[in-house]
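One structure below.
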Amino acid sequence: MAKKGFPHFGISQSGAFIAELKNYNLPDFILKLIAKECESDLLERGRIDDRLTSMNDASLELLHRVFVDCDEDEAGKYGQFRFYSYVSSMYHKSEIMIDDTIPGKSGKNHKIPISVKMNGMYVAIGFNKATGGSVTKKNVQKFYLIANDVKNGEHGTQIIDAVFGSSVGFKGEAIVELEKLSKTGKQDIENKLNFKTANFENRIYSVTKC
């Protein structure tokens, strides 16, 4: 199959990218997102190196920039891809939804950057700040309100985790505020919502509060 894409790196460059990328635990939905972004073919199933080989040069370069070089882009898209992959790694045998709309108890429809389903039920939702200044108190207040509204809606009864990721750090007041807010919610085990924050630093996500 002829490889389409721009720029064309040639076999040696593409091969080097594939050799590195196949060692990363790249989830299926990430490969599909990148393939769509770069208008690339993608082998539906098979070994990871075969699937990577089926992708065009532009998609291999993008995957390498995002996951190997850990580059940043102005729009924050690379950071979002890394956050999506991080969240999915916490929930095995799950279905990942990107930019899904979930109605809350208030009747408002919330666009959720990433949500996780198991057996057809939502179990986790996630938000990420990839650009700009550090996460503020106001940011976490908004996150808390949305997460609780979704949790208390008819589709959120099984949600146990709400994850807030950041590529730009958290202000101390933001962590304190989220901890304070989380203690005001339901405390019984069946209905409790666990708020987690994770900071991307030194090429890895680290949980700053759990």
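For LYS186, indicate whether it is assigned by TED's automatic domain parsing to the domain that holds SER115, over 23 Å from ASP99 (Cβ atoms) and at pLDDT below 95. Answer is yes for this residue. In the set VAL123, VAL150, VAL163, VAL87, only one residue is surrounded by fewer than 22 Cβ atoms within 10 Å (Cβ to Cβ), under 30 Å from LYS36 (Cα atoms) and β-branched (Val, Ile, Thr); that residue is VAL123. Within segment 116-128, the residues that satisfy the criterion of being of a type outside the set (A, V, I, L, M, F, W, C) and over 12 Å from GLN158 (Cα atoms) are GLY126, ASN128. Checking each residue in segment 118-150 for being in a helix (DSSP H, G or I) and under 19 Å from the mean Cα position of the chain (by Cα) picks out ASN139, VAL140, LYS142, PHE143, TYR144, ILE146, ALA147, VAL150.
The values are calculated or read from the model by the stated rules, or taken from the named source; none is laboratory data. Since this is a predicted model, take the numbers as computed values, not measurements. Cβ sites come from the backbone with ideal geometry, for glycine too, and all protein chains shown count toward neighbours.
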